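Data first, discussion second: the structure below is written as structure tokens.
The values are calculated or read from the model by the stated rules, or taken from the named source; none is laboratory data. Quick caveat: nothing in here was measured; it's all calculated off a predicted structure. Every residue, glycine as well, gets a Cβ built from its backbone with ideal geometry; the counts of neighbours run over all protein chains shown. For the accessible areas, the whole protein counts, side chains as well, though only heavy atoms, and no ligand, DNA or RNA atoms are used. Shrake-Rupley method; radii C 1.70, N 1.55, O 1.52, S 1.80 Å.
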Amino acid sequence: MTSAPPPVPLGVTHRPHDRPPARPAMGNAVDRHHRIALTNRYVEVDGRPAIPVSGEVHYSRVPRDEWEERLRLMRAGGVTVVATYVFWNHHEPERGHRDFGDGLDVGAFVALCERLGFDVVLRIGPWCHGEVRNGGFPDWVQDAPVEHRTDDPGYLALVDEWFSALGAQLATHCGPSSRVIAIQLENELYDQPGHIVTLKAMARRHGLTAPIYTATAWGGADLPSGEVLPLYGGYGDGFWVDADQPWDTTFREHFFFSHTWDDPGIGADLRDHRGVGRHDHGVPPRLPSPDFPAATCELGGGMATAYHRRPLLGALDIAAVAHGKIGNGSGWQGYYMYAGGTNPRAGLQESQATGYPNDLPVFDYDFHAPIGAAGELAPSHAELRRQHAFLAAFGESLADMPSTLPDVLPTGVDDVETMRWAIRSDGASAWVFVNRQQPHVPLDAYRGARFAIGLGSETVVFPHDAVDVPPGTIAHWPVNLELGGVRLRWATASPLTVLGSPDHPTPVLVAEAGVAVELAVDDASMTDAAGVTREVAPGVFRIDADEPRVVDVVRGDARLRVLVLPAATSHELWVLDAPDGRRLVRSAAPVYVDADGRLAVRSPERPDVREFDVAAGGFVSVTVDAPEPGVDLALAPDPTGVGAPTPASYGERAGRAAAPDADAIARHGSTWSLRLPDAAPGRRVLHVDWAGDVAVLEVDGRVVADRFWDGTPWTVGLDALGLTPDAELTVRIVPLHPGANVRLPDEAEARRRAVDSSLVALDGVRLVSSPLWHEVPTAD
């Protein structure tokens, strides 16, 4: 009996940059900055190539008392740049009556970012969108008799007043040594390049300066050459398509590796909206500018929920899109949103009442982001922070590596068989990016994968034995990685970070679930204390990674210690930048570095925190102080009323269902009253498990929070609500009619179809209060 022939390796040959290195005028000859510069290939930070990671958070949607913890959690997630919209209508609902106080103090927010070591991107519009009423225009601007978003003098006069007011708040935070490194002009403006130049000049005149000016480039946008860095995006699903439309091609394409950066789907529901301009829907996709690196500002950190369509992306879906952009050659990873929020008052949401085709919640802008509106972490935080740790450790070399697509590409978005992968390489070394994850249409395991990477005069084939790549795999595997005088020929585990000093580095690799860990090292030996490493071929070592393993690679006089972590621990890993260097921590609870440089952990009970000790070669417990523990308490909601029967529809616009208004919610909602305990130390969050259509939380009869049901728990931060001890809390839920024309996630739809009548339930309410536990420094 003859054995089956080995599988033909998946092939790719490194392709170098197609143009020589160059420096554009922006950020170099013009608006030169002390730390930040641009090349046509990468962003330069402190004179070195880098791949920045920016995360969007809206200061006006987060209580001011919670700004700092949100930002520290972003830093713990590997975000290096904070991006924020500046919504005009949040600040100036009436002309001349501007508010920059308390939670609207944008200058204080930028100053806090500076103090915490973040760079900042100001997205000043003046039209922003962000699911905000009129795209951010106050009603008095929206109603003004001018040609909006053009060089109409009447419109420019209004904008000039606004930019002058912003300059008064922000000009002192701008300049060649500032942390404001980029300013976005407008948003989703497709055919007004001259207007963008006008806005840039106006912003600079009012002191709003930065080394980089940006504009969104998707939808074939016509942008002024050399004046702005074109930015792209990528969402795995979206609310802006019709309820009955299947998973759109524009979403599906982001789960493939490609060199097409434009996305015609983003903002498509607004192309004909007032003030957008005369965009030609037939224009070809926009290519990245030859003068600048490919960069993003809106990789979906989640997705907003509209009334008619309520998409829900899993953590791996979010990570797969971001991972694909890195493999495609991204020079800047930018997320929208990274931290969700809540509108500061009613009437600020985009809605059908303003001419927008979609109804959004009045308050809720959780976005299912890595950091939710109540400050709770979603599973996507863990998936993304591993990618960001990788970029922090290896971004300097990766940034100048072009992307090369493999010899055999998928035939289209329906191809679920062909391997999805790409490389970034410099001709001598490479990173192999693999994706086996997408929503809605599950992928099976790819059987018998081996890779043949053509680098100059050699071809590196790995692994030694073909592997099956399971569904859900999102991997970046090194080829010819030099560390500490040792060259890792290749590995089938993804590098996370590097600990220790440059002279004595300890690379940290994370295994992929279901993929055997193999490391290949030329002319070297490998040992481990547990004796679980074996040589399966000359220079090829297989490591049992069911537990954390430390192996020593010895090549002549060089010795490299390698830490290999099991896939099962990946969601607990944190790579934190502390005053005394990079730290690798394991914690199931959220952890960050506080103002004193210590670890801080948010948990209702004493957390289990462990840190890897390079010298000891293992994880050691971190001692934390002993604040009064919090509570995780099931409340007993008291049913207090049943609403009138719900209709199948509350109206529609452009064929999309309208949400019930406040009167309809009051009429049709069933109610439950809640009583909170007298004492609950720490940050208080209400966890509501429910089913229905729309829910609101009322405090003393006033609506303070809302949610459209998509099958997920609803979390509400209580500390910002100003609750008095005798406050009356009411949860009001509008039942979901079986004939309502709304698109739900699959699990929610299954529950909806399991009942014959309108669906309404309050399954449970928990109060979770979490104090902040601080690391106790060890004695020297």
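What the table shows:
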item: Approximate shape of region 703-780 as ellipsoid semi-axes (Cα gyration tensor, √5λ), whole Å, largest first; result: 37, 19, 10
item: Relative contact order %, the chain, counting alpha carbon pairs below 8 Å whose residues are six or more apart; result: 12 percent
item: Relative contact order (%) - criterion: Cα under 8 Å, at least six apart; region: region 453-538; result: 24 percent
item: Kirkwood Rh (inverse of mean 1/r, distinct Cα pairs), region 493-629, angstrom; result: 16.2 Å
item: Residue-wise HN-Hα coupling along region 557-567, computed from phi with Karplus coefficients 6.51, -1.76, 1.60 (Hz; x: Gly, Pro); result: 7, 8, 9, 10, 8, 10, 9, 10, 10, x, 4
item: Karplus-derived 3J(HN,Hα), 6.51/-1.76/1.60, for each residue of region 608-615, Hz, glycine and proline x; result: 9, 10, 10, 10, 6, 9, 4, 5
item: Cleavage-rule hits (chymotrypsin sites (Phe, Trp or Tyr not before Pro)) in region 611-662: DSSP loop, at most 12 neighbouring Cβ within 10 angstrom; result: none
item: Region 370-409, accessible area per residue, ligands and nucleic acids excluded (1.4 Å, Å²); result: 28 Å²
item: Descending principal axes extents, the chain, alpha-carbon based, whole Å; result: 76, 63, 60
item: DSSP-defined beta bridges in the chain - what % are antiparallel, rounded to 5; result: 75 percent
item: Simple spin-label estimate for residue 468 and residue 205 in nanometres, 7 Å along Cα-Cβ; result: 6.7 nm
item: Region 420-573 - accessible surface per residue (Å², probe 1.4 Å); result: 37 Å²
item: Carbon/sulfur fraction of accessible area - region 187-253, other protein chains in place, 1.4 Å, %; result: 46 percent
item: Estimated dipole of the chain in Debye, rounded to 20 [Cβ of Lys and Arg +1, of Asp and Glu -1, Cα centre]; result: 1040 debye
item: Carbon + sulfur, % of accessible area of region 706-763 - ligands and nucleic acids excluded, 1.4 Å; result: 45 percent
item: Cβ-derived FRET efficiency at R0 41 Å, residue 25 paired with residue 100, nearest 0.05; result: 0.80
item: Computed lengthening from residue 245 to residue 761, 0.36 nm per intervening residue step minus Cα-Cα distance; result: 183.0 nm
item: With DNA, RNA and ligands ignored, accessible area of residue 337 (1.4 Å probe; Å², nearest 10); result: 0 Å²
item: Average accessible area per residue (Å²) across region 643-758 - probe 1.4 Å, nucleic acids and ligands excluded; result: 45 Å²
item: Spin-label model distance (nm) - residue 596 vs residue 750, 7 Å beyond Cα toward Cβ; result: 4.8 nm
item: Relative contact order [Cα under 8 Å, 6+ residues apart], region 119-255, whole percent; result: 22 percent
